[in-house]
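Let me begin by presenting the structure, written as C-alpha cells, before commenting on it.
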Amino acid sequence: MSGFKGYPPSVQILTPVPDIFVAVNSDKGDIRDNIKHNISLGLQQVLPHETQWEKEICLVTGGPSLKDTTALLKEKSESGTPIVTVNGTYKYCIDNGIKPSAFIMLDSREFNKRFIESTIDSCKYLIASQCHPEVFKLLKENNTWLWHCDTQDENIDLLRDQYGEEYKDFFPIMGGSTVTLRALHLLRLLGFHKFEIFGFDSCIMDDHHAYSQPENDKEEEIDLVVGGKQFRCTVAHYHQAKEFVQLVGVTGSNYDLIVHGDGLISHIIKNPESLKEAA
C-alpha cells in the first residue's frame, strides 16, 4: 500500500495516446433529460458537512488488485470503518460478506441499473442527477441522495433554474471522467479527509476489473512506465491517472490517501521523484 499527501508527477508514455478523449459516454440531450426528470423527484441533496479530520473511510473501486486486498477490506468493515462502493464493487462487496455503507453512481446509461440488484436499508445511495431514471426506481426515497456534476454550462443553468442562482442551494461536484474521481470530491464535501482506497489501479493486471465488466473488454490499450515499472493500461486508465494527478495537485492538502494494491496509481504516489513526461 502507499500513502500520499501532496502533488504527484506526470507519467512516461511509451505508446501514443489519442489527443481527444471523450469522457461523456451518453448523448448530451439524454443527460439533460435525465437531470430534468431526476431533480423533479424532490429527493434530498448531498450537502456540505464539517470536516472530520480523524474519521477514516474506505472507498472501494473495481480494479483487479481488489481481489488481493478483499481480506483487509473485510477487516476494515468489521472494525466499523464505513465502506463506500461504486458501480460493480457494491455487488462484489455483498458477495464477499462485506456490507456497503454507501453506494455512488455517476454513469448516465440505463444498463448501469444492473449494479443494484438489491438494496440494503442501512446503505446510503448517492446517485448523480445525470443517472438514468430507471436507477431511481430501484431505490427508496428515504436512503437516496441526489448530487450534481460540474459539467456543461447548460446543465448548471438547469440546476440554477431549479435550486437558485447561487451555488448555495446545490453543490456541483468536480473531479474528472470516472466515478472514483468524482467520489473523492463528493466524500470530501461530506467531510471526509482520510481515505483508504481499494482497487484504484488504473491499469490492467490479470484483467481490467476484479469482476466481469464486458463493456470494457475491447478498449484501446497503451503502455506506461512509472518508477521504472511498466504498466499496461486502457486509454481510459491513462486519462483517469492524469486526472488524478491534476485533482491532487489542486486539492492535495484536502486528502490524506492510502492506496492499496500494486497498480499504476499506487506507483505514481510512491515514485514522484522518478517520473518524467515523455514528449
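The values are calculated or read from the model by the stated rules, or taken from the named source; none is laboratory data. Since the structure is predicted, the reported quantities are computational estimates derived from the model, not experimental observations. Methodologically, a virtual Cβ is constructed for each residue, glycine included, from the backbone with ideal geometry; neighbour enumeration extends over all protein chains shown.
Does VAL225 qualify as being more than 23 Å from GLU56 (Cα to Cα) and not in a loop (DSSP other than H, G, I, E, B)? First the steps, then the outcome.
Working: more than 23 Å from GLU56 (Cα to Cα): yes; not in a loop (DSSP other than H, G, I, E, B): yes.
It is true that VAL225 is more than 23 Å from GLU56 (Cα to Cα) and not in a loop (DSSP other than H, G, I, E, B).
Which pairs have Cβ atoms under 8 Å, sit 6 or more apart or on different chains, and link a residue in region 237-248 that is within 17 Å of GLY199 (Cα to Cα) to one that is polar (S, T, N, Q) and in a helix (DSSP H, G or I)?
As it stands, the answer is GLN240/THR180, since those pairs meet every condition given.
Kindly list the number of the only condition in (1) modelled with pLDDT of 90 or more; (2) surrounded by 17 or more Cβ atoms within 10 Å (Cβ to Cβ) that fails for LEU189.
Evaluating LEU189 over (1) modelled with pLDDT of 90 or more; (2) surrounded by 17 or more Cβ atoms within 10 Å (Cβ to Cβ) leaves (2) as the failure.
Return yes or no: is ALA236 surrounded by fewer than 21 Cβ atoms within 10 Å (Cβ to Cβ) and either modelled with pLDDT of 80 or more or not in a strand (DSSP E or B) (or both)? Steps first, answer last, please.
Working: surrounded by fewer than 21 Cβ atoms within 10 Å (Cβ to Cβ): yes; either modelled with pLDDT of 80 or more or not in a strand (DSSP E or B) (or both): yes.
Answer is yes for this residue.
So which residues in region 197-212 are among the aromatic types (Phe, Trp, Tyr) and either more than 18 Å from ILE268 (Cβ to Cβ) or part of a loop (DSSP other than H, G, I, E, B) (or both), if there are any at all? So that I can check it myself, show each step before the final result.
The initial filter retains those residues of region 197-212 that are among the aromatic types (Phe, Trp, Tyr), namely 198, 200, 211.
Once the filter is applied, which keeps residues that are among the aromatic types (Phe, Trp, Tyr) and either more than 18 Å from ILE268 (Cβ to Cβ) or part of a loop (DSSP other than H, G, I, E, B) (or both), region 197-212 yields PHE200, TYR211.
Please give the number of the condition ASN112 fails out of (1) in contact with a strand residue (DSSP E or B) (Cβ under 8 Å, 6 or more places away or on another chain); (2) over 19 Å from THR180 (Cβ atoms); (3) at pLDDT below 95.
Of everything listed in (1) in contact with a strand residue (DSSP E or B) (Cβ under 8 Å, 6 or more places away or on another chain); (2) over 19 Å from THR180 (Cβ atoms); (3) at pLDDT below 95, ASN112 misses just condition (2).
Taking the condition of being free of Cβ contacts under 8 Å to residues at least 24 places away in the same chain and in a loop (DSSP other than H, G, I, E, B), how many residues in region 25-39 meet it?
Going through region 25-39, the residues free of Cβ contacts under 8 Å to residues at least 24 places away in the same chain turn out to be 27, 29, 33.
If we keep only those that are in a loop (DSSP other than H, G, I, E, B) as well, we get 27.
Counting residues in region 25-39 that are free of Cβ contacts under 8 Å to residues at least 24 places away in the same chain and in a loop (DSSP other than H, G, I, E, B) gives 1.
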